[in-house]
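S.K.: Provided herewith is a single structure, encoded as structure tokens, for subsequent inquiry.
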Amino acid sequence: MSFRPQDHYFKKAKKEGFLARSAYKLDEIQKKYRIIRPSDKILDLGCAPGAWSQIILKILGASGRLRGVDLQAVKLTAPNAVFVKKNIFDMLVEEFAEAPYDSIVSDMAPNTTGIMIRDQTLSEELCFRVLELCDQLLKPGGHMVMKLFMGGGAKQVELEVKKRFDKCQLFKPQSTRKESKEIFIVGLRKKSPNLVGST
């Protein structure tokens, strides 16, 4: 299949005022799993250009709070949102002052090299970092969503999610390009710390 950057969802995003077509991926995830509720505190990782944050802010309302983190600057502004331009591997727990979060979402992906195994490994490393942050910053009962490039280590990522959450779901939104190897892992209801690792 030929690559069509300006497909239906690209045009739909332009028309509806979203910063990227990826907004519809989170919209689909939200409609299926209800991971975000009004007044929640949300951490959005890999948030640039801000399309997921746009969806989140619509749900949160004025009383919710959002922190976004990305290597790229985000031009989106909102009174209840803070965007940080930083590498998540360099951030300390103390920098997330409003934690614990009700949900942590991640649309992070590595800068692809074109070498499939390498790209999959880099994606897995990002997912393990998301899980570290969930351990430290996500409240018990909270939810998590993260993007993963499917490959050899995907099962290990899935197992680590199952250790931490009551339910682990794999979901590929309809708005994902058919040729894409990406999938989203949804962790529902984080276990209390003393239950992690139990079966």
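Bear in mind these aren't lab numbers, they're just calculated from the coordinates by the rules spelled out. These figures come from a predicted structure and were not determined experimentally. No Cβ is skipped: glycine too gets one built from the backbone with ideal geometry, and neighbour counts run over all protein chains shown.
S.K.: Spin-label point model (7 Å from Cα, Cβ direction): what's the residue 94 to residue 39 distance in nm?
M.R.: Distance between label points: 3.2 nm.
S.K.: Got a sec? How would 24, 33 order by Cβ neighbour count within 10 Å, fewest to most?
M.R.: So the residues, fewest neighbours to most, are 33, 24.
S.K.: Mind checking the full-extension length gain between residue 182 and residue 71? Use 0.36 nm per residue of separation minus the Cα-Cα distance, one decimal, nm.
M.R.: Gain in length upon complete extension: 38.0 nm.
S.K.: In addition: I need the shape label for the range 8-195. Rule: rounded when a/c is under 1.5, else prolate if a/b > b/c, else oblate, with a, b, c from the alpha carbon gyration tensor.
M.R.: rounded
S.K.: Rounded to the nearest 5, what is the percent of antiparallel bridges among the DSSP beta bridges in the chain?
M.R.: 40 percent
S.K.: Looking at the chain, which longest stretch skips every one of the GluC sites (Glu not before Pro) that is in a DSSP loop with at most 14 other Cβ atoms within 10 Å, leaving the sites themselves out?
M.R.: 1-97
S.K.: Taking θ = phi - 60°, what integer Hz values does the Karplus form 6.51 cos²θ - 1.76 cosθ + 1.60 yield along the range 26-42, in sequence order, with x for Gly and Pro?
M.R.: Once rounded to whole Hz, the list reads 5, 4, 5, 4, 4, 5, 7, 10, 6, 7, 10, 10, x, 6, 5, 10, 10.
S.K.: Return a whole-number percent for the relative contact order of the range 71-128, with Cα pairs under 8 Å and 6 or more residues apart as the contact set.
M.R.: Computed over the range 71-128, the figure is 21 percent.
S.K.: Build a GNM of the chain with springs between Cα atoms under 10 Å: which of 92, 71, 137 gets the top mean-square fluctuation?
M.R.: Answer for the Gaussian network model of the chain: 92.
S.K.: Now, a different point. Any idea what the relative contact order of the chain is, in percent, if you count C-alpha pairs under 8 Å spaced at least 6 apart?
M.R.: Relative contact order here is 18 percent.
S.K.: Which of 58/155; 75/162; 85/167; 85/190; 58/86 have a Cα-Cα distance over 30 Å?
M.R.: 58/155; 75/162; 85/167
S.K.: Would you mind ranking 112, 77, 176, 121 so that the residue whose beta carbon has the fewest other beta carbons within 10 Å leads the list?
M.R.: Ordered by Cβ neighbours within 10 Å, fewest first: 77, 112, 121, 176.
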